[in-house]
Amino acid sequence: MVKITKLVLPVAGRGERLMPLTLNTPKALIKVAGKELLYYALEETLDTEIEEVVVVICKSQEETIGNYLKKIKDDFKKLRFHLRFQDGPFGSGDAVFKAYDVVYPDPFIVRYPDDLLLSQPSLLKTFSDLFRKYQTPFFSLEKMPHELISNYGVVQLEQKEGRVYRVRGLVEHPKAEEAPSDFTVIGGYLLTAEIIDYLKEEERKMTEKGKDCLFINIGFTKHMDQGGEVCGIEFEGNRFDCGNLDGVKKAETFLGNKLVQE
Ligand code: G1P
């Protein structure tokens, strides 16, 4: 199947870097310029073929996020929402497994709403179009200034065409001077069943060793190590890391100015 119809939004995080905004409000429902971060992510589905959206939350968010989805469902009539629950902060791979029954074995997108990406077309539309052409898993990439690079996963890559790259490897949070490039992983991923299969294998090994955190990137790395093709698209647009207060302020200012100009 080359059509992308499924989306996973992992939003169970506690949002500690957004305190006090997240004292009584889940991070995904923090408003930026009058709209919730979750709403911005859902808007990205509008010009895509996405129909199934799995929102992965923790049990304590069931009422707030559940009610919110009921409130906004008429704005997104083509979407079917599924709530799934994470038992704790066990990593992005764990969040994806909670969506397994809905997504597997189809290709799907994982998108983090706190990475606010303002672009035309949206990242979800870009991923969907790219999958039709390349049929590989995808990273979304951004060139990062030297001083910020160690906060991210950094890829080793070679250009394929235009803003599309073949990714050869990934180093998590390297020292700036050891980073394989200045391209970092941001915003979300496009996953295929192969990546999930590698993650499953990894989860099984980890369970045997008694470890409990699993990250999506491990699936990508395994796939690349086995010779599988992974691509990356350099994001073109405005990105705001709304996982922290400074990013939220910058996004507010940017969107506020835009509204004034319109
Ligand atoms: C995670 C990923 C990293 C990615 C980053 C994007 O890191 O492991 O590859 O670049 O998200 O925000 P974390 O934010 O958990 O440190």
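The values are calculated or read from the model by the stated rules, or taken from the named source; none is laboratory data. In this text, all values refer to a predicted model and were calculated from it rather than measured experimentally. Reconstructed Cβ throughout: ideal geometry from the backbone, glycine too, with neighbour counts over all protein chains shown. The area values use the complete protein model at the heavy-atom level, side chains included, leaving out ligands, DNA and RNA. Shrake-Rupley method; radii C 1.70, N 1.55, O 1.52, S 1.80 Å.
What number of residues in the range 100-140 are part of a helix (DSSP H, G or I), touching a helix residue (DSSP H, G or I) at 6+ places or on another chain (Cβ under 9 Å) and under 14 Å from I195 (Cβ atoms)? The number of residues fulfilling the criteria is 2.
When K160, K222 are screened for being outside any strand (DSSP E or B) and open to solvent by 50 Å² or more (accessible area, probe 1.4 Å), only K222 passes.
No other residue among F81, F131, F97 is without any contact (Cβ under 8 Å) to a residue 40 or more places away in the chain, more than 14 Å from the ligand (Cβ to nearest atom) and not small (G, A, S) apart from F81. Residues that are acidic (D, E) and open to solvent by 20 Å² or more (accessible area, probe 1.4 Å) within the range 33-81 comprise E36, E43, D47, E49, E51, E52, E62, E63, D74, D75, listed in sequence order.
Among the residues of the range 196-217, is there at least one that is within 11 Å of the ligand (Cβ to nearest atom), part of a helix (DSSP H, G or I), within 18 Å of G228 (Cβ to Cβ) and in contact with a strand residue (DSSP E or B) (Cβ under 8 Å, 6 or more places away or on another chain)? Yes. Checking each residue in the range 179-190 for being open to solvent by less than 30 Å² (accessible area, probe 1.4 Å), touching a Pro at 6+ places or on another chain (Cβ under 8 Å) and within 14 Å of the ligand (Cβ to nearest atom) picks out only Y189.
The set of residues in the range 163-177 that are outside any strand (DSSP E or B) and either within 15 Å of the ligand (Cβ to nearest atom) or within 20 Å of the chain's Cα centre (by Cα) (or both) comprises R163, H173, P174, K175, A176.
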